[in-house]
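What follows is a single structure, written as structure tokens, with notes after it.
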Amino acid sequence: QVQLVESGGGLVQAGGSLRLSCVASGRIFGLNALGWYRQAPGKQRELVATITSIGTTNYADSVKGRFTISRENAKNTVLLQMNSLKPEDTAVYYCNYKRIGVVVDYWGQGTQVTVSS
């Protein structure tokens, strides 16, 4: 069982920055991935960025060059630094934990990010 707690969402103007943080607790096994997904009203949840326990990263094309994902394994924490924010980045951002090769998938409660024009 894994619990994920996000923080760092808020309201910013276009061009601004935010940093999201997610702290994972429980049984964190080897070869896993922590990441961020987002969902806007009326749209499907989409991948933003992920990072595996061995450091492999993956980004959505829409955020490449603007967002940076990192993790601190000793603290079971994943961070998302978001720069040059755009109004289309507005969404609820969810932290996610997956076990590679196992049907295990956990979600945080979500944190609202709103970018004004």
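Here SER70, SER84, SER62 are screened, and the one residue that is over 21 Å from LEU11 (Cα atoms) and open to solvent by 10 Å² or more (accessible area, probe 1.4 Å) is SER70. Among the residues of the range 23-38, the ones that are of a type outside the set (D, E, K, R), assigned to a strand (DSSP E or B) and open to solvent by less than 60 Å² (accessible area, probe 1.4 Å) come to 9 in all.
Scanning the range 98-117 for residues that are surrounded by 13 or more Cβ atoms within 10 Å (Cβ to Cβ) and either of a type in the set (A, V, I, L, M) or not in a loop (DSSP other than H, G, I, E, B) (or both) returns LYS98, ARG99, ILE100, VAL104, TYR106, TRP107, THR111, VAL113, THR114, VAL115.
Filtered by the rule that a residue be aliphatic (A, V, I, L, M), over 13 Å from ASP89 (Cα atoms) and over 12 Å from the mean Cα position of the chain (by Cα), the range 25-54 gives ILE28, LEU31, ILE54. Screening the range 60-81 for residues that are assigned to a loop (DSSP other than H, G, I, E, B) and modelled with pLDDT of 95 or more and picking the one that is farthest from GLY108 (Cα to Cα) gives GLY65. The set of residues from the range 11-22 being surrounded by fewer than 16 Cβ atoms within 10 Å (Cβ to Cβ) and over 17 Å from VAL48 (Cα atoms) comprises LEU11, GLN13, ALA14, GLY15, GLY16.
The values are calculated or read from the model by the stated rules, or taken from the named source; none is laboratory data. This is a predicted model, so every value here is computed, not measured. Virtual Cβ from ideal backbone geometry, glycine too; neighbours counted across all protein chains shown. Remember, those area values only see protein heavy atoms, side chains included, never the ligands or the DNA or RNA. Shrake-Rupley method; radii C 1.70, N 1.55, O 1.52, S 1.80 Å.
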